[in-house]
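The values are calculated or read from the model by the stated rules, or taken from the named source; none is laboratory data. In this text the structure is predicted, and so the values were computed from the model without any measurement. So basically every Cβ, Gly included, is an ideal-geometry build from the backbone, and we count neighbours across all protein chains shown. For accessibility, only protein heavy atoms count, side chains too; no ligands or nucleic acids. Shrake-Rupley method; radii C 1.70, N 1.55, O 1.52, S 1.80 Å.
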Amino acid sequence: QVQLVESGGGLVQAGGSLRLSCAGPVSSFSSYTKGWYRQAPGKQRELVARITSGGTTNYAESVKGRFAISRDNAKNTVYLQMNSLKPEDTAVYYCAVELFSGTAWGQGTQVTVSS
């Protein structure tokens, strides 16, 4: 079972920035679509951003223009740069790699944005 490890979460004031990272020992990492999801208390997990193997990205409407997903295939790492953070961005953020055999998830990292 693939283990993904997120890092970079924390507490930040509204308007601030954070960069999340997610790495894991995934062979042929570049072949898969990767994404970031988040789950706020009492809410369902939602997609934040995805990047395909070809580099095509898509974002939730609520984060467009503020967040950017990228990846470094040589490092088996996917990133989420989060700028202009808002209190409503507070959630546990999870990375995901859509393997051919199913989706691998990280354990989550807490992001808290104070007003």
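Taken as a whole, the condition of being under 26 Å from Gln13 (Cα atoms), open to solvent by 20 Å² or more (accessible area, probe 1.4 Å), in a strand (DSSP E or B) and touching a residue at least 40 places away in the same chain (Cβ under 8 Å) does not apply to Val111. Would the range 30-47 turn up any residue that is hydrophobic (A, V, I, L, M, F, W, C), without any contact (Cβ under 8 Å) to a residue 40 or more places away in the chain and closer than 23 Å to Asn83 by Cβ? Yes, the range 30-47 contains at least one residue that is hydrophobic (A, V, I, L, M, F, W, C), without any contact (Cβ under 8 Å) to a residue 40 or more places away in the chain and closer than 23 Å to Asn83 by Cβ. Cβ-Cβ distances below 9 Å connect the following pairs, each with a first residue in the range 60-71 that is farther than 18 Å from Val97 by Cα, a second residue that is aromatic (Phe, Trp, Tyr) and open to solvent by 50 Å² or more (accessible area, probe 1.4 Å), and a separation of six or more residues or different chains: Gly65/Tyr59; Arg66/Tyr59; Phe67/Tyr59.
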